[in-house]
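The values are calculated or read from the model by the stated rules, or taken from the named source; none is laboratory data. Note that the coordinates shown come from a computational prediction; the quantities given were computed from them, not determined experimentally. Because the Cβ atoms are built from the backbone with ideal geometry, glycine has one as well, and the counts that use them run over all protein chains shown. To get the accessible areas, we keep the full protein, side chains included, count just its heavy atoms, and leave off ligands, DNA and RNA. Shrake-Rupley method; radii C 1.70, N 1.55, O 1.52, S 1.80 Å.
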Amino acid sequence: MSESNSLSESKPLPETKQASKHTLSMTVLMTPDMSNFSGNVHGGTILKFLDQVAYACASRYAQTYVVTLSVDRVVFREPVHVGELVTFSASVNYTGRTSMEIGIRVETEDILLGKSRHTNSCYFTMVAMGSDGKPAEVPQLRPTGTIARQRFEAGRRRRELRRENELREQSIRAAVRDLTPEHDD
């Protein structure tokens, strides 16, 4: 086996293997050590689990190490309480050449009442990395079914928005840089 993992050496997964590896679910019991000063689960704890499940979903799909490029639309809809079960459901929604959008839905269950609620959603962009430390190609997602096709199209549109926003931010930085005298740092 070659030690280098260049883009040309990447091998796509067989479709059957790929299809079974584009989703992942993780359930965690929220314990007292995860609470903030108000007694709810700390948002940073949820973010850590989100990053872990995004990593696991993306690296399993790409069958390589991945890194987090960006996190979009982290919306904390409701607090999560100590003693609740939290399920993180992740899916590869969209693939580019070397990156993947991972959508994550968070459902929280009050064990005693048996009630579940949607408490969080977000999108991670993960980049596959080769052993040479450079981005590596990922298997192209071929969505099957209505929901998968809708997720793919929405992911494609979010990718366009991320690119547009990056261009706008670059324009803002350039405009601010032009307004700032060089001696004021």
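Summary table
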item	result
Å² of accessible area per residue within the stretch 93-185, as computed with a 1.4 Å probe and no ligands counted	65 Å²
Net charge, S25 excluded, C-beta distance under 11 Å - Lys, Arg +1, Asp, Glu -1	0
q = 0.11 Å⁻¹: log10 I(q)/I(0) that the Debye formula gives for the chain, counting C-alpha atoms only	-0.60
Carbon + sulfur, % of accessible area of the chain - ligands and nucleic acids excluded, 1.4 Å	54 percent
Packing-based ranking, highest mean first, of 99-107, 155-163 given that Cβ atoms within 10 Å are counted	99-107, 155-163
Ordering of 65-72, 167-174 by packing [mean C-beta count within 10 Å, highest first]	65-72, 167-174
Radius, Kirkwood style, for the stretch 90-185 when every pair of distinct Cα atoms is counted (Å)	16.7 Å
FRET efficiency estimate (nearest 0.05) - Cβ-Cβ, S38 to T144, R0 41 angstrom	0.40
Part-to-part distance (alpha-carbon centres) for the stretch 25-52 and the stretch 58-94, which is given in Å	12 Å
Helix-derived mean residue ellipticity, 222 nm - over the chain, DSSP H n ≥ 4, -39500 (n - 2.57), to 500	-11000 deg cm²/dmol
